[in-house]
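Shown next, in structure tokens, is the structure this report addresses.
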Amino acid sequence: MISQVALFSLFANMAVAHILDIPTRVGDVIALPEASIITGSVDFGYKEFDRGHKCDTDDDTGSENAVFVLQDGASISNVIIGTDALEGVHCLGSCTLTNVWFRDVCEDAISVLGTGDALIVGGGATNAIDKVVQHNGPGTVTIRDYTIVNAGKLYRSCGDCTNNSKKSPRKVIVENVRAFGLTSDLIGINPNFGDSATISGSCGETKDVCADYQGVDKGNGKSQRLNTKQNCNGPQGKLEKLPECGAAEAPTTTDTASSTPVYNVTTSSTPVANVTVPFPTLSVSTLITKTSTIATPTQ
């Protein structure tokens, strides 16, 4: 008979599975025949969209395969990107994503392509083999109160884009992010192109918190990872590891006053009892919607 000590050792060494607790969608999944072009501000009320195309490649397939393409200055909120999509959300300029959830990332969840600043607040993504946020254009990406589960990186400044040096510098600000099951660095930047990262208030499991890469222009070789943290800033920028996320960091309740649900990352280990790791509730009641336009591109 196996002893209690042996059982404890067995359970302690079992792999822990992390599950992103995505809000319940409203209605059926909507498969879009074409990428929807977003202008102004759109609150989707937790509807779920995809493109009806299974993920069968990890290549960049372009904006025509995205679920949403945000024009300069556009914003979306309270929406779920479903599993059947090659690309997620593409920003052509400045953009804001609030409570945008990605059920199963194919290539990248969010691609910031044009000149301008991107704000990503609340929401989360899971199963991104490579990265969640791809940053190709000059500007600042701010990622706040976000959760990432089972992925490569959270953010990568493009390593080898066409005219990469001329599309820099890029900055990333990471605040209160929870990362579980990452196989690579949380953040990757190109300091030789003037990139910088500022990281604070985050927790979880990563290979490294922030890593420098040698950025190159397309056709000039591969972007190599460096053993430096030259432009990795903030209280956590130069840490080797993030602190563990603790269950006592926030209450596991529902904000009944604002009717805003609290979304959790559930940490389970069988047969040990489940543990819930919460993250901050984000209310979007202060969002001001000026215009709401969804259209499909003409052929």
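The values are calculated or read from the model by the stated rules, or taken from the named source; none is laboratory data. What you are looking at is a predicted structure, and each value in this text was computed from that prediction instead of being measured. Positions of Cβ are generated from backbone atoms using ideal geometry, with glycine treated the same way; all protein chains shown enter the neighbour counts.
Could you list, ordered by first residue, the pairs with Cβ atoms under 9 Å in which the first is in segment 63-77 and closer than 14 Å to G137 by Cβ and the second is charged (D, E, K, R) and crowded, with 19+ Cβ neighbours inside 10 Å, at least 6 apart or interchain?
S63/E87
Of everything in segment 146-200 that's on the phi > 0 side of the Ramachandran plot and in contact with an Asp or Glu (Cβ under 7 Å, 6 or more places away or on another chain), which residue is surrounded by the fewest Cβ atoms within 10 Å (Cβ to Cβ)? Write out each step before concluding.
Kept after step one, since they are on the phi > 0 side of the Ramachandran plot, are these residues of segment 146-200: 150, 163, 176, 181, 194.
Narrowing the set further to residues that are in contact with an Asp or Glu (Cβ under 7 Å, 6 or more places away or on another chain) leaves 163, 176, 181.
Details: N163: 9, N176: 18, G181: 17.
Going through the qualifying residues, I end up with N163.
Do we find that N127 is in contact with a His (Cβ under 7 Å, 6 or more places away or on another chain) and polar (S, T, N, Q) in this structure?
no
Residues to consider are G123, G88, G114, G93; find the one that is surrounded by 23 or more Cβ atoms within 10 Å (Cβ to Cβ) and within 21 Å of C158 (Cβ to Cβ).
Values: G123 fails: within 21 Å of C158 (Cβ to Cβ); G114 fails: surrounded by 23 or more Cβ atoms within 10 Å (Cβ to Cβ); G93 fails: surrounded by 23 or more Cβ atoms within 10 Å (Cβ to Cβ).
Going through G123, G88, G114, G93 in turn, the sole match is G88.
Is it true that some residue in segment 181-204 is in contact with a Phe, Trp or Tyr (Cβ under 7 Å, 6 or more places away or on another chain), modelled with pLDDT under 90 and part of a loop (DSSP other than H, G, I, E, B)?
For segment 181-204, residues in contact with a Phe, Trp or Tyr (Cβ under 7 Å, 6 or more places away or on another chain), modelled with pLDDT under 90 and part of a loop (DSSP other than H, G, I, E, B): absent.
Tally up the residues in segment 206-237 that are assigned to a loop (DSSP other than H, G, I, E, B) and among the hydrophobic types (A, V, I, L, M, F, W, C), please.
So the count comes out to 3.
Going by the structure shown, is T291 modelled with pLDDT under 95 and among the hydroxyl-bearing types (S, T, Y)?
Yes, satisfied.
Can you say whether N78 is crowded, with 18+ Cβ neighbours inside 10 Å and more than 22 Å from G181 (Cβ to Cβ), as far as the supplied structure shows?
yes
Within segment 158-215, restricting attention to residues that are basic (K, R) and more than 19 Å from S111 (Cα to Cα), which residue is nearest to the chain's Cα centre (by Cα)?
R178
For segment 224-243, which positions are of a type in the set (S, T, N, Q) and modelled with pLDDT under 95?
Answer for segment 224-243, where residues must be of a type in the set (S, T, N, Q) and modelled with pLDDT under 95: Q224, N227, T228, Q230.
Where the second residue is surrounded by fewer than 17 Cβ atoms within 10 Å (Cβ to Cβ) and the first is assigned to a loop (DSSP other than H, G, I, E, B) and lies in segment 154-166, which pairs have Cβ atoms under 7 Å and are six or more apart or on separate chains?
Cβ pairs passing all conditions: D160/K218; D160/K222; C161/K218; T162/K218; N163/D217.
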